[in-house]
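K.L.:
Once you've had a glance at the structure underneath, I'll fire off some questions.
Bear in mind these aren't lab numbers, they're just calculated from the coordinates by the rules spelled out. These figures come from a predicted structure and were not determined experimentally. Cβ sites come from the backbone with ideal geometry, for glycine too, and all protein chains shown count toward neighbours.
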Amino acid sequence: MQLKILENLKKENVEIYLEYLNSCKSSSWETWETTYKTYCNNFKLFLVWFQKNYKNRFLLSKDTLLEMPGIIESYRNYCRSLGNSKRTLMNKTTSISTFYAWCVRRNKIKYHPFDSKLDRLRFTEKDKIRSSYFLTTEQILTVRLYMQVESKKYDLQDRILWELFLDSACRISAIQSLKISQLDLENGYFKDVKEKEGYIVNAFFFQKCKDLIKEWLEYRENKEIKSEWLFITKYKNTYKQMTQGAIRGRIKKLGKILGIEDLYPHTLRKTAINLINNLAGLGLASSYANHSSSGVTSKHYIQKTSATEIRNTLIVARKKLGIF
């Protein structure tokens, strides 16, 4: 968030926020670009709302702390009015809770103002806002070939993003942060890639993606484009790191080739993991996804078997047992 926005907020709140920000960065360097960056950005959104609705009140004043459970509930209602999902509400509440937990540890307040005082948000399958897709091999190839033919409409970065998400199964934060210095083109991977929760992994890619990356590097050299980032955008004659929003926009554009209006990068990650599971089993799929356990992979990243497929499998099993 721009400093201009912070300048419009209460000085004491900005100061304590910046102190918290600095502390988070020093103690959580490995997850700064992922988990904590999200927490801090969410907290900034709360600060702006708090300033608008509670004027010049201090975040740590006695009256604010006493009223905080009700303040958080009002903020939740505001976020719901914007269309935020329960999952987003939970993430935003967690970012505020993390701030107050830090304040307790630093002896800035004596107690957490809303810990165990809010009704817990309960999640069901109906609360999923995004549609979940598992792309087929045919769909993957359709997008690849369509971009190849419509080369004026889709650039090299579009094509590399498509291949790299499906090859590596990395999250968007890892893909966005890739640097040229991490590239081992000959052996087909990016080294020392920072994933969720601070895991350092290799991001693999294969021949089609390798050819596209090589072409992209040659293009950059010919155009004398100087940047440490693999994915870039030009802004006022300067090349900068491509934002996650820009990457999502590109993937959404590619989804329209298939008639899918809401295709997200995470869909490509789920698709890649699911295909590996189908070919080589859950163990390799879980390792490929960089999950801490195969349970996470099985629950969230593997396409569920349809009722018809389950029934047909049962028929085969019953026949083997002599039950018709």
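K.L.:
Where does each of E221, E19 land when they are ranked from fewest to most other beta-carbon atoms within 10 angstrom?
P.N.:
E221, E19
K.L.:
Let me ask another. Distances longer than 19 Å among the Cα atoms of segment 134-197: what percent of all pairs is that?
P.N.:
For segment 134-197, the fraction of Cα-Cα distances above 19 Å is 41 percent.
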